[in-house]
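Colleague: Below: one structure in structure tokens.
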Amino acid sequence: MSQPCRFLRTPEAVAGAILLAALIAMALSASLLFPGDPQAIAGPALLPPFQAWSLPLGTDRLGRDVLAELFHGARTSLAVGLAAAAAALVVGAVVGTLAGFAGGLVDEVLMRITDAFQTVPSFLLALAFVSVVGPSLGIVVIAIALGTWTGPARVARAEVLSIRERDYVAGARVIGMHPLAIAFREVLPNALPPVLAMSSVIVAAAILTEAALSFLGLGDPNRVTWGGMIAEGRTVLRTAPFLSIVPGIALVLTVLGVYLAGEGIVETTAVRRGLS
Amino acid sequence: MTALATIRDLTVTYRRDGSEVAALKSVSLDIAAGERLAIIGESGSGKSTLALAIAGLLPASARIGGRIDWFSHPPPRLGTKAPPSVLPDISPARGEIGSFADSSPSAPLAIGEGRDEGAISPLAGEMSGRTEGGAKDRQPKIVPLGGRDIGFVFQDPSASLDPVMTIGKQIAEVARTHLGLTWAQAYAKAKNLLERVRLPDPDSALRAFPHQLSGGQKQRVAIAAAIAAGPKLLIADEATSALDTIVQAEIVALIRHLVAEDGMTLLFISHDIALAAELAERIAVFRYGQLVELGTTAQIINASSQAYTRALLDAHIGLDTKPLLNRAELHA
Amino acid sequence: MSLLTASNLTKRYRRDKKAIAAIDDVSFHIDPGETLALAGPSGSGKSTIARLVLRLIEPDAGRINFEGNNFLALTGAALRARRARLQMVFQDPLAAFNPRATVARVLDDPLRIHGIASRAERLRRIAALLERVGLTADLAARAIHEISGGQRQRVAIARAIATKPSLIVLDEAVSALDVSVRGQILDLLLDLQRQEQIAYLFISHDLGIISAIAHRVVLLDAGRIAESGDARTVIGAPQSAIGKALVAAAPRLNRTTQDAS
């Protein structure tokens, strides 16, 4: 059975794929459906949702279109979430592979560095980094990656330690392959599956961390983000709760979608050992 | 020849990723009580599937057709359903085989039949064509209780022993479960079994863990656990294939000795026809899930009627076959 | 002159604070184009010697001379370059390859690493190698796990001869194969030896296979050499205890009739 076929047979994969597809559609169509600056005033302030056709989700304190902000915010959340997760996975996989494959002093040094990063709570690390360097999209991505790369590093290293002893790695040495080539062409691709299994959790965590940073006012001030929207709605939580609830629901659905789709991918790509 | 078990048109199909693989196709053979029967075949011949089917260890997803009927002299006590013993984690196909628990002597249960197909009197002619033994030798058919009437030794002893349980406890557990002994009695029996399988220093072996033993020692323990409950049938599925030649010869001699001592029937699965020839009285040759030939060892080795069997014999490379290397070509 | 000379090799392992000698003062030599078999029970040190010869592990003492040079003195790029002359075939043909590899990539790797040919020429060589080991050239596109065990071992042999080595180490190379396939693989190995003058270090616990293809044999017992000499002579009349035990333990068919073969 081909992989796409197997993917579609897993219920959680399908659910996750639908949610993710909706999210990506939102992000891509934002400029199409809501051209212009989403932070421009579009109507009267604090208009409740479902009152006006042109403003289906109402307006915020300054009269900005909530739906437009939602769609544009999807872009930021998705971009930051995916970029930060990718950075964390790449850095983690490389560090873990080098440590596991080289062993000895290199392993010790890299693992102590990993320990250092791991002892600081990831959110505080991101917070501190952004506070010091200044908020912008790129900095936020780096800040989040700094806090999350250690998980993939440890998982990758554990896999590599076991793969290192396999016959095919010895075979690669015997034919004269350079150690770095062995580490990154033979070992790393086979060590990836458990690392990739963490990816859905990391993407979800990255999206939430970005939202939290924006909520605290440390996100990119020129961009609309869901976290920022939730922060904006905090002051009028009693009179206009929809301003915080709507982006909040969007966050929940996004994280759920990423997680389910990730589980589906893990299920699909898991090596099936049939009866021998 | 009194039969211990008769197999008729046994067919086993595995379902894997949506496709079906026929592992055994309409296999019929008899296992005589007290004999040493070897099942020979290459990979994919179905020999392991046959062993698992006889022992009731096929996974739930396997489809089974045909029947396996059991005879027993004297009929063993019927008791509670046999719990999964020291055998590894293949769930028995309980649904297909039917319940062992409430079988009574007059209601024979065979694999592939449900209970509601009714009792068939053992004297009715389903054994048609077989005149050996005759009706007077027939006892009421009893379904064997896995782990009690059948002992199973697997190829990889590391996989069939629990790594976190001491050797003594694993063997004692078998004895306690099937013979209803107290722990003290069970441990004493375990020590006695370790002596019988010639494990050096049985006292410290009782307290040892599997990883502290060598491959050959672990296999001795596996054999001890398999015979702990006094089974009628011992199945050894490639039990020596993972061992080197010297240890293999020792284990084969041990099995031969134990089987003779306890009056067990032996089913020896192997890909090595020479090894089988040294141990077995009869040999069954399998290929692609079908029985190719069945006969006494002398018949199979020296007077085979099947081309495939002769090809297998010719392919054997041993100390008694001529070398492939032409020694005259050796460098000067 | 010998192709490979091992002198006084020793390798120790530590277990439970005790030093155990996996190999103790082992010396042997292999001449060009001959097959030297290493036989012995499990734990006797055969695989350790194989790994030492291939420089997968380093000895605690001893020398290895290969093609006239001090083999143990080579490191880094020089060692990797010299590896073209010394290859290996493993016991388990499935574990011997990257699970994600295709046949083409497996055969391309040694050619590419040692700069043997341009990319276009390499494709031709891969096809030629496959045919040399009795496979069809269209197998190159298949994944390793898709082909049969016998085919995989042929691919392993093709990889081993790709760089035209003078010595191949075969560690239980036919033990995991079906009986009917073993003879074919051994015939292939002998054919290659005749044509390319490749020496083999053949490791096995099966004396039957050794007596079929080896010129000389070394019997190991607990890390030491118990006996060595011409294969047929040693196996026909072993002098050491381990030799006698190995010969006695080998299963025999004892056929009274032999088909003309």
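Colleague: Normalised by the number of residues in chain C, what is the relative contact order in percent for Cα pairs under 8 Å and 6+ residues apart?
Modeller: It comes to 26 percent, rounded to a whole number.
Colleague: If you line up the long axis of helix A:11-33 against the longest principal axis of chain A, both from Cα atoms, how many degrees apart are they, to the nearest 10?
Modeller: Computed tilt is about 50 degrees.
Colleague: In debye, nearest 20, what is the charge dipole magnitude of the protein assembly as shown about its Cα centre with +1 on Lys and Arg Cβ and -1 on Asp and Glu Cβ, if you could check?
Modeller: With only Lys, Arg, Asp and Glu charged at Cβ, the dipole is about 800 debye.
Colleague: Around B:ASP201, with a cut-off of 13 angstrom between Cβ atoms, what is the net charge of the other residues, counting Lys and Arg +1 and Asp and Glu -1?
Modeller: Net local charge, B:ASP201 excluded: +2.
Colleague: Something else now. Between chains B and A, what is the buried accessible area in Å², counting both sides, with a 1.4 Å probe and ligands, DNA and RNA left out, to the nearest 100?
Modeller: In total, chains B and A hide about 400 Å² from solvent.
Colleague: Still on this model: Please compute, for peptide C:94-104, the average count of beta-carbon atoms on other protein chains lying within 10 Å of each residue's beta-carbon.
Modeller: Mean partner-chain Cβ count within 10 Å for C:94-104: 4.
Colleague: Let me know the mean shielding of C:243-252 by other chains, meaning the per-residue number of their Cβ atoms within 10 Å of its Cβ.
Modeller: 6
Colleague: Now for a different question. Can you work out the base-10 log of I(q)/I(0) for the stretch C:103-155 at q = 0.20, 0.29 1/Å, using the Debye formula on its C-alpha atoms alone?
Modeller: Evaluating at q = 0.20, 0.29 Å⁻¹ gives log10 I(q)/I(0) of -0.64, -1.18.
Colleague: Return the residues of the stretch A:156-203 for which accessible area with all protein chains present is lower than in the chain on its own by 50 Å² or more; set the probe to 1.4 Å and exclude ligands, DNA and RNA.
Modeller: In the stretch A:156-203, residues shielded by partner chains: A:ASP167, A:TYR168, A:ARG173, A:VAL174, A:ILE175, A:GLY176, A:ARG185, A:ASN190.
Colleague: Separate question: Run lengths n ≥ 4 of DSSP H only: what is the helix-derived mean residue ellipticity at 222 nm for chain A, with -39500 (n - 2.57) per run over all residues, to the nearest 500?
Modeller: -23000 deg cm²/dmol
Colleague: A further question follows. For the stretch C:121-182, just the Cα atoms, rotate onto the principal axes and tell me the three extents in Å, largest first.
Modeller: The principal-axis extents, from largest down, are 35, 30, 17 Å.
Colleague: Taking K and R as +1 and D and E as -1, what net charge do the other residues with C-beta under 13 Å from the C-beta of B:ILE269 add up to?
Modeller: Once all neighbours under 13 Å are counted, the net charge is -2.
Colleague: Could you work out the mean count of beta carbons from other protein chains within 10 Å of each residue's beta carbon in C:179-190?
Modeller: 4
Colleague: Would you please give the residues with an amide H less than 5 Å from that of B:ALA3, counting only those at least 5 places away or on a separate chain, with H modeled from the backbone geometry?
Modeller: Sorted by chain and number, the residues that satisfy this are B:ALA33.
Colleague: Ranked highest first by the average count of other Cβ atoms within 10 Å around their residues, in what order do C:42-55, B:251-264, A:69-82 fall?
Modeller: A:69-82, C:42-55, B:251-264
Colleague: Just the accessible area per residue of the protein assembly as shown, please: how many Å² with a 1.4 Å probe?
Modeller: Value for the protein assembly as shown: 43 Å² per residue.
Colleague: Can I ask one more? How would you rank A:32-39, A:20-27, highest first, on the average number of other Cβ atoms within 10 Å across their residues?
Modeller: A:20-27, A:32-39
Colleague: Relative contact order, percent, of the stretch C:112-261 when contacts are C-alpha pairs under 8 Å separated by at least 6 residues?
Modeller: The normalised contact order for the stretch C:112-261 reaches 14 percent.
Colleague: Per-residue ellipticity at 222 nm for chain C, helices alone: DSSP H runs ≥ 4 residues times -39500 (n - 2.57), over residue total, nearest 500 deg cm²/dmol?
Modeller: -10500 deg cm²/dmol
Colleague: Out of the total accessible area of the protein assembly as shown (probe 1.4 Å, heavy atoms of protein only), what percent is carbon and sulfur?
Modeller: 57 percent
Colleague: Once the principal axes of the Cα atoms of the protein assembly as shown are found, what is the range along each, listed largest first in whole angstroms?
Modeller: Taking the Cα atoms of the protein assembly as shown, the three principal extents are 104, 81, 55 Å.
Colleague: Okay, moving on. For a quick check, take a GNM of chain A with Cα springs below 10 Å and name the residue from A:ILE202, A:ILE265, A:ILE182 with the largest mean-square fluctuation.
Modeller: In the Gaussian network model the winner is A:ILE182.
Colleague: Sorted by average packing, counted as other Cβ atoms within 10 angstrom per residue and highest first, what order do A:137-148, A:42-53, C:204-215 take?
Modeller: C:204-215, A:137-148, A:42-53
Colleague: Nearest 5 is fine: what % of DSSP beta bridges in the protein assembly as shown come out antiparallel, could you say?
Modeller: 55 percent
The values are calculated or read from the model by the stated rules, or taken from the named source; none is laboratory data. If you're wondering where the values come from, they're calculated on a predicted model, not measured in any experiment. Note that each Cβ is placed from the backbone with ideal geometry, even for glycine, and that neighbours are counted across all protein chains shown. With ligands, DNA and RNA removed, areas are computed over all heavy atoms of the protein, side chains included. Shrake-Rupley method; radii C 1.70, N 1.55, O 1.52, S 1.80 Å.
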